[in-house]
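K.L.:
Starting off with a structure, shown below.
The values are calculated or read from the model by the stated rules, or taken from the named source; none is laboratory data. If you're wondering where the values come from, they're calculated on a predicted model, not measured in any experiment. Here Cβ is always computed from backbone atoms with ideal geometry, including for glycine, and neighbour counts include all displayed protein chains. Only protein heavy atoms, including side chains, enter the accessible area calculation; ligands, DNA and RNA are left aside. Shrake-Rupley method; radii C 1.70, N 1.55, O 1.52, S 1.80 Å.
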Amino acid sequence: MKILGVETSCDETAAAVVEDGTRTLSNQVASQVEIHARYGGIVPEVASRQHILAIIPVIKQAVADAGVTWNDIDGIAVTRGPGLAGSLLIGVNTAKAISMAHRIPITGVNHLEGHIYANWLDRNGSDPAPAFPLLSLIVSGGHTDLVLMKGHGDYVLLGRTRDDAAGEAFDKAARILDLGYPGGPAIQQASESGTASVQLPRAWLKGTNDFSFSGIKTALLRLVEGGKIQNKADAAASFQEAVVEVLVTKTIAAAREYGVKQVILAGGVAANRLLRERLVKDSPLPVSIPDFELCTDNAAMIAACGYFRFRAGRTDGLALDVVPGLKLA
Ligand code: KG4
Ligand code: ZN
């Protein structure tokens, strides 16, 4: 079964073709990062306009790269939320038009669920698909969620951030240190030539599976404003260490508490090298992490999720609409 995935929830216009929810046949991503970098963050109106310009060429290229025609596509999966309303609309309306023109069934996907399904993609032969029940740590620009997944499409939210998302914290810390945008990769790169020698607080929120990252960010800001940071690389490394330590420790504690079979990592911050290494090293359970390029926003993950939705009979009609505040559970 071949699914076309379409993703426009934020600042990437993406389309991909995936076979049986597990094999990526093509994966096109048109990034707007350079356009938004000028403003130091995403400008929603600019994002919508760029999606309009890019969406048709990106979809055509994804179909061509996969070496298929519209007759070979069995379903269309499109992100319907959460995300920017204007951006989501471009993807959903384009997907609906294609669905109507080519008579292909359509299903709406939750963007976060898509991030989770990146873990089903392109696994090597000896590496089995994730086993249920599992615990997923979703760390993106807008979310930091610990989710118990008992089966396909079955989610229980165990905990979430009470303030900044992990990716948002990376982006804000990079701005404080004047390291550029997007902040995650910038902090990671700066960290490589530094040591985690700057004292920063960790919010443990003991007895809960929730997170809080605004305190670390504020502490960093105070140090910078007080002229206490001599070496930006050390500050970046200390910040990264603090965030990763909290994410890994709390994820492992929740995995133990709920007796899951394994842990999976999802979302843009899952591209962080220290987080990947530390979770694998410290977790007593098997850990699954998507390939680097499947961690940040893409449409292959949306198509993979769509496959499992179609398989469960979860098809949407043309009444499908965007839900900017869509919840996973
Ligand atoms: O999942 P994603 O691509 O978009 C959202 O759904 O939000 O995540 C984007 C976030 C940004 O905050 C970015 O700074 C962060 O992921 N990110 C990273 C890394 N690569 C991307 N954070 C830390 N280390 C990285 N290597
Ligand atoms: Zn995302």
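K.L.:
Specify the residue with the greatest mean-square fluctuation among LEU318, LEU279, LEU135, computed from a Gaussian network of the chain linking alpha-carbon atoms under 10 Å apart.
P.N.:
Residue with maximal mean-square fluctuation among LEU318, LEU279, LEU135: LEU318.
K.L.:
Another question, then. Starting from the 7 Å offset along Cα-to-Cβ, what nm value, one decimal, do you get for the label separation of GLN230 and LYS261?
P.N.:
Once both label points are built, they end up 5.3 nm from each other.
K.L.:
Could you pull out every one of the lysines with an alpha carbon less than 30 Å from that of LYS2, ignoring same-chain neighbours closer than 8 positions?
P.N.:
LYS60, LYS96, LYS150, LYS261, LYS327
K.L.:
Right, next: Once neighbouring chains are kept in place and the probe is 1.4 Å, which whole percent of the accessible area of the chain is contributed by carbon and sulfur? Each step should come with its number before you reach the end.
P.N.:
Numbers: 6980 of 13690 Å².
Carbon with sulfur: 51 percent of the solvent-accessible area.
K.L.:
Follow-up. For the chain, give me the percentage of DSSP beta bridges that are antiparallel, rounded to the nearest 5 percent.
P.N.:
60 percent
K.L.:
Out of the GluC sites (Glu not before Pro) in the range 238-329, which ones are loop residues according to DSSP with at most 14 other C-beta atoms within 10 Å?
P.N.:
Those that pass, being in a loop and sparsely packed, number zero.
K.L.:
For the chain, calculate the relative contact order in percent as a whole number, restricting contacts to Cα pairs under 8 Å that are 6 or more residues apart.
P.N.:
26 percent
K.L.:
Something else: Which order do you get for ASP164, ASP178 if you rank them by accessible area with a 1.4 Å probe, largest at the top?
P.N.:
These residues rank, largest area first, as ASP178, ASP164.
K.L.:
Taking the alpha-carbon centroid of each part, what is the distance from the range 5-68 to the range 310-324 in angstrom?
P.N.:
Measuring centre to centre over Cα atoms gives 20 Å.
K.L.:
Could you tell me the relative contact order of the range 128-290? Use alpha-carbon pairs under 8 Å, at least six residues apart, and round to a whole percent.
P.N.:
Answer for the range 128-290 is 28 percent.
K.L.:
Right, next: Against the longest principal axis of the chain, how steep is helix 273-282, in degrees 0 to 90 to the nearest 10, with axes from Cα atoms?
P.N.:
That helix lies at roughly 80 degrees to the long axis.
K.L.:
A follow-up question, please. Protein chains only, probe 1.4 Å: how do TYR117, TYR39 rank by accessible area, largest first?
P.N.:
Most to least solvent-accessible, the answer reads TYR39, TYR117.
K.L.:
Another question, if that's okay. Where only protein heavy atoms count, and the probe is 1.4 Å, what is the accessible area per residue for the chain in Å²?
P.N.:
Spelled out: the 1.4 Å probe surface of the chain, per residue, equals 42 Å².
K.L.:
Select from ASN209, ASN272, ASN231 the residue whose mean-square fluctuation is largest in a Gaussian network model of the chain (Cα-Cα springs shorter than 10 Å).
P.N.:
In the Gaussian network model the winner is ASN231.
K.L.:
GNM on the chain, C-alpha springs below 10 Å: top fluctuator among PRO284, PRO133, PRO82?
P.N.:
PRO284
K.L.:
Using a simple spin-label model with points 7 Å from Cα along the Cα→Cβ vector, what separation in nm is obtained for ASP321 and ARG222?
P.N.:
Rounded to a tenth, the inter-label distance reads 4.6 nm.
K.L.:
Next question, about the same structure. What FRET efficiency comes out for the pair ALA97/SER214, r = Cβ-Cβ distance, R0 = 56 Å, nearest 0.05?
P.N.:
0.85
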